[in-house]
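Peer 1: Got a structure for you, written out below as structure tokens; questions coming shortly.
Here, each number is a calculation from the coordinates, and none is a lab measurement. None of these values were measured; they are calculated from a predicted model. So basically every Cβ, Gly included, is an ideal-geometry build from the backbone, and we count neighbours across all protein chains shown.
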Amino acid sequence: MSLAAPPRRASLGAWLREGARTMVLRHPRWERVHATPLMVALLLSLTIAFAIGIGRLYVDGAAVFLWRSVFTGWAGQLLIVWACYAVRPGPSSRPGSAPGPAHLLCLMLAQGLCLSAVVGAITLAIYRSDFQWEERPVAAWAMWLAPFGCSLAIQLATMLRAADRKAWRKLQGALALVLAYGCSLYIAPHPGYWNAPADTEARQEPIRFTQDIVEDQGPLLDEKVGELKPQRPGIADMYTITFAPYEGQEVFRRESRMVSEVMAKRFDAAGRGLQLLNHRDNLEDMPWATPTNLQRAIESMAATMDKEEDVLFIHLTSHGAKNGELAANFWPLDVDPVTPTELRKWLDEAGIRHRVISISACFAGNWIAPLANDDTLVMTASDATHTSYGCGHKSPLTFFGRAMYDEQLRNSTLSFEEAHAAARNIIAQREKEAGKDDGYSNPQIKVGSRIRPYLEQMRARLAPR
């Protein structure tokens with residue numbers, strides 16, 4: 001007496017069980033499931049609902065749901081549909097292969113949902129840990145791409161097992177699936193399903209650059225330059241520029257403001273400073289941190305100050321690249337990165353003699369050689385081969401900005417060299433305590449032979465204050 005095969009069921013649980021089985025590369029039991037249009041719609045809906053739910057966990061505290069995001073990022077799902085119908089265009093009775101394209105589509109969706117749950121749990125755990133994404137870019141990319149690549153490999157193996165025997169169909173389906181994953185990585189809903197309140201750094205709606213806002217930028221910088229106090233004959237005045245070109249991370253805005261405040265109070269630079277900043281909350285009241293504005297600011301400073309008597313201080317804070325570029329972000333506006341060669345060129349063309357330049361970024365040691373000369377002091381948060389620390393979304397200030405400016409120059413000394421030497425030791429200890437695993441950032445300083453005595457004279461004048 002033969003046993004009857006279990007009846008095919010259209011239940012969601014049956015599909016999720018088969019999705020979980022195939023996730024560990026077991027063969028699907030096609031006889032236990034049944035594909036229907038309603039099941040396709042249900043699995044798609046659950047996929048979106050899961051993405052919305054886990055996305056909410058990435059935002060601490062209150063959050064606002066961005067309903068428009070539901071209608072974006074569908075290219076990947078459409079490519080998966082194409083892949084399934086490409087490899088299994090019609091019914092099949094071959095053992096192991098999908099009975100039809102609808103069955104394969106349901107299985108891919110169910111399997112993808114199971115994979116998303118596992119990968120989502122892993123990435124959420126990493127996100128909520130103290131791991132410093134920005135300071136460890138290689139490790140961060142590895143942790144992101146490894147589960148992503150495993151998911152693609154599992155789904156590709158499942159699809160090819162159930163495919164038609166024809167090689168060209170398998171190739172077409174494989175390409176479509178790879179493109180689908182590419183879409184999920186680069187095109188999937190931007191900026192996300194959830195938005196935190198304005199004082200957090202969660203992903204937000206794109207900045208809206210209206211024609212009036214863009215056209216007002218030129219006059220705004222001119223207005224700020226016009227408010228600068230004039231140079232005082234016989235006194236070596238300090239003029240300052242802070243430059244924070246990376247919108248979306250509050251740490252850079254905080255550091256820019258803090259450094260400007262310290263220079264104003266401790267170096268008698270009040271009324272002689274410009275802040276260039278990229279931030280959605282300051283579109284209309286602050287000049288933007290773009291290469292063009294930085295060049296114009298330097299030219300304007302040169303026209304205001306005594307180029308032979310006064311000192312120009314510039315502090316740049318952002319992410320840094322191994323090739324020496326200072327990262328910029330003002331999406332959807334494209335902003336080019338600033339390089340040390342460009343900055344040196346603009347300063348030379350402006351004819352400014354006495355310079356103090358501070359770079360708070362990863363791999364900032366690349367700026368030392370291009371900027372150094374006898375009339376320049378240049379200091380960095382790291383050497384040319386190591387990352388700096390403290391530019392993550394949870395950081396109040398970078399480690400360099402906090403130690404160098406908020407602690408040393410604000411409270412302990414008016415000497416850049418003394419402050420930098422003390423900051424090096426403080427940063428080394430804090431990086432060790434924070435578990436920085438890619439080596440000491442190793443902040444650098446280079447002091448020109450003529451700028452050192454000049455700054456000592458300024459220090460002696462300011463000390464009684």
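Peer 1: Out of His420, Met301, Asn278, whose Cα points farthest toward the positive end of the dipole of segment 211-462 (charges: +1 Lys, Arg; -1 Asp, Glu; placed on Cβ)?
Peer 2: Ranked along the dipole, the leading option is His420.
Peer 1: Sticking with this structure for a sec: Calculated FRET efficiency, Arg208 and Ser412, Cβ-Cβ r, R0 35 Å, to nearest 0.05? Kindly include the intermediate steps, with their values, before the conclusion.
Peer 2: Details: r = 44 Å, r/R0 = 1.26.
Using R0 = 35 Å, I get an efficiency of 0.20.
Peer 1: Report, ordered by chain and residue number, the lysines lying within cross-link reach of Lys432, taken as a straight Cα distance under 23 Å and ignoring same-chain residues fewer than 8 apart.
Peer 2: Lys322, Lys394
Peer 1: Run the numbers on the chain and let me know its relative contact order in percent, using alpha-carbon pairs under 8 Å that are six or more apart. Please list the in-between numbers first.
Peer 2: Details: 787 pairs, mean separation 59.3, N = 465.
The normalised contact order for the chain reaches 13 percent.
Peer 1: Considering only DSSP beta bridges where both residues belong to segment 293-394, give the percentage that are antiparallel (nearest 5).
Peer 2: Percent antiparallel among DSSP bridges in segment 293-394 is about 20.
Peer 1: To make sure I understand the rule: partners must be lysines, Cα under 16 Å from the Cα of Lys229, and not fewer than 8 residues away in the same chain. Which ones qualify?
Peer 2: List returned: Lys265, Lys307.
Peer 1: Starting from the amide H of Phe313, placed 1.01 Å from N in the peptide plane, find each other amide H under 5 Å away whose residue is 5 or more places distant or on another chain.
Peer 2: When sequence neighbours closer than 5 places are left aside, the close amide H contacts are Tyr239, Thr240, Ile241, Val356.
Peer 1: Got the relative contact order for segment 211-462 handy, in percent, Cα pairs under 8 Å and 6 or more residues apart?
Peer 2: On the way: 503 pairs, mean separation 48.1, N = 252.
Relative contact order, segment 211-462: 19 percent.
Peer 1: With an 8 Å cut-off on Cα pairs and a minimum separation of 6 or more residues, tell me the relative contact order of segment 197-323 in percent.
Peer 2: On the way: 172 pairs, mean separation 45.2, N = 127.
After rounding, I find 36 percent.
Peer 1: Output the antiparallel fraction of DSSP beta bridges having both residues in the chain, as a percent to the nearest 5. Don't jump to the answer; show the numbers that get you there.
Peer 2: On the way: 8 of 33 bridges.
For the chain, the DSSP antiparallel bridge percentage is about 25.
Peer 1: Could you give the dipole magnitude of the chain about its Cα centre, charging the beta-carbon of Lys and Arg +1 and that of Asp and Glu -1, in debye to the nearest 20? List each step's numbers first, then the result.
Peer 2: Details: 50 positive and 48 negative charges, 581 e Å.
My answer is approximately 2780 debye.
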